[in-house]
Structure formats: C-alpha cells, structure tokens
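Shown next, in structure tokens, is the structure this report addresses.
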Amino acid sequence: MIQARGIEKSFGNLKVLKGLDFDAGKAEVVSIMGASGAGKSTLLQILGTLSTPDAGSLIIDGTDVLKLSGKELAGFRNRKIGFVFQFHHLLPEFTALENVMIPAFIAGRPKQEVEAAAKALLTDLGLAERFGHKPSELSGGEQQRVAIARALINNPSVLFADEPSGNLDSGTKEELHKLFFSLRDRYGQTIIIVTHDPDLAGMCDRSLYMVDGRFVSND
C-alpha cells in the first residue's frame, strides 16, 4: 500500500530525514515511535502527501504521488488518505454530522449519500445520539471519534494518525486504541500511527523506532 524509498528532508541546515525507506502492506497497522525531534511527524506529513521530500520516491496504492500536479494531489489525498491528529481540528460552528460530511462534499458526492454514510459511521463509533452536537458539547473522546469518522468518510486506503490519543485520559485512550484495530478489521485500511505510547505501539502489527532521522529498530 505504501512504498517510500530514500526519503530525505531538511529545514535550512538541519537534515531531519536521512534517506528513510518505509513500506506498509494493505490493512497493516504500523506504529512509528521515537523521541521528540526524531523526525516522526515530518515523515508522517510526507507519507500523507502534506509535505514534499527533498529526495526520494513515494508510491501509495500504486500511484507515484510525487509526480502528481497540485490539483491532482489534492484530489488523491481527499479520496485515498485520512488524517487523525492529537488535536481533533473539528470546525466549532458545525455539528458532529456536518464535520464528518465536509470531506465527502469536497469530493463532490451527493448530499443524501453523504449524510447516510456519515450517520452510519458515527453510529458505528457509538455516537448515534450526538449527530446534532457541536464540538464544544462533546467530550474529548467523542471529539476524537468524530475526527476519526471524518477521516473515514471517503473510505480512504490509508489512515494516518499523529499522537491520536495524546490528549486523552487513560480510560478513553484505551478505548481509542482498541477502536483503531476494530476499524482495520471492519474497513481494511492501512493505518500508520505516530505515537509515544508503548501500549499502543505494542498492539500494532509492526513497530518502528526513529532516532535522528533514521529507523534504528524494526520489531
């Protein structure tokens, strides 16, 4: 599903990624760990096509994404990639249901179809009673589940998660960790998770560790 080779990235004189190779198979859950500053989030942004590497190649679901034009890449990202961040980035003026529907509207899908899909996802995630609630009316765990539903609305091939449980209490965190694997089993997504949480990393199919812009171990 993902094949990255020789990924390099610098910011000024600081070389953050130093020729990384990375692969992930269909429906595989891979965690990436490492100390702050190791390059984890930079790598995730490149794999998620939010940032461009200085060197290297990146193929996602059979597409050489680095050869796509800006418009083509935006369309590919909208259809094929979902993102979940530590801070959910929900739009405060919209309800849970409306937040989930937005990426599907951007993709040009019809309203009736989108609303049905969004309601099904939110119900699947235990939020059937929260369709009309705005983010300020939801708990932290509920907000993160809305963000996950939003990431899944276009049925992406890959879901990227950057410290998805870093802002949650321990009980909610455990529920969210289990949810990722339930999602993989139900929807078949490849899931790449950047995390500092050893419990979450230990649940993954594979865990990689980064130090100073390189992978140093592969479990």
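Of the whole protein surface, Arg186 contributes about 100 Å² of accessible area at a 1.4 Å probe radius. Dividing the summed helix terms, -39500 (n - 2.57) for each DSSP H run of n ≥ 4, by the number of residues in the chain produces a 222 nm estimate of -11500 deg cm²/dmol to the nearest 500. About its Cα centre, the chain has a charge dipole of approximately 600 debye under the convention of +1 per Lys or Arg Cβ and -1 per Asp or Glu Cβ, with nothing else charged. Rounded to the nearest Å, what's the spacing between the alpha carbon centres of the stretch 149-164 and the stretch 37-66? Just the number, please. Between the Cα centres of the stretch 149-164 and the stretch 37-66 lies a distance of 16 Å.
Rounded to the nearest 5, what is the percent of antiparallel bridges among the DSSP beta bridges in the chain? Restricted to the chain, the bridges split so that about 50 percent are antiparallel. Shown here for the stretch 60-160: GluC sites (Glu not before Pro) in loop regions (DSSP other than H, G, I, E, B) with at most 11 other Cβ atoms within 10 Å, namely Glu93, Glu129. Counting only aspartates and glutamates at least 8 places from Lys178 when in the same chain, those with an alpha carbon closer than 14 Å to its own are Asp124, Asp197, Asp199, Asp205.
Shape analysis of the stretch 109-160 yields a ratio of the Cα radius of gyration to the Kirkwood radius, Rg/Rh, of 0.97. The ellipsoid equivalent to the alpha-carbon distribution of the chain has semi-axes of 29, 20, 15 angstrom, derived from the gyration tensor eigenvalues as √(5λ) and listed largest first. The convex hull of the Cα atoms of the stretch 96-192, projected and averaged over all directions, covers 6.0 nm².
The values are calculated or read from the model by the stated rules, or taken from the named source; none is laboratory data. Keep in mind the model is a prediction, meaning the values are calculated, not measured. Positions of Cβ are backbone-derived with ideal geometry, glycine not excepted, and every protein chain shown enters the neighbour counts. Ligands, DNA and RNA are stripped out before the accessible areas are found, and what is left, the full protein with its side chains, is counted by its heavy atoms. Shrake-Rupley method; radii C 1.70, N 1.55, O 1.52, S 1.80 Å.
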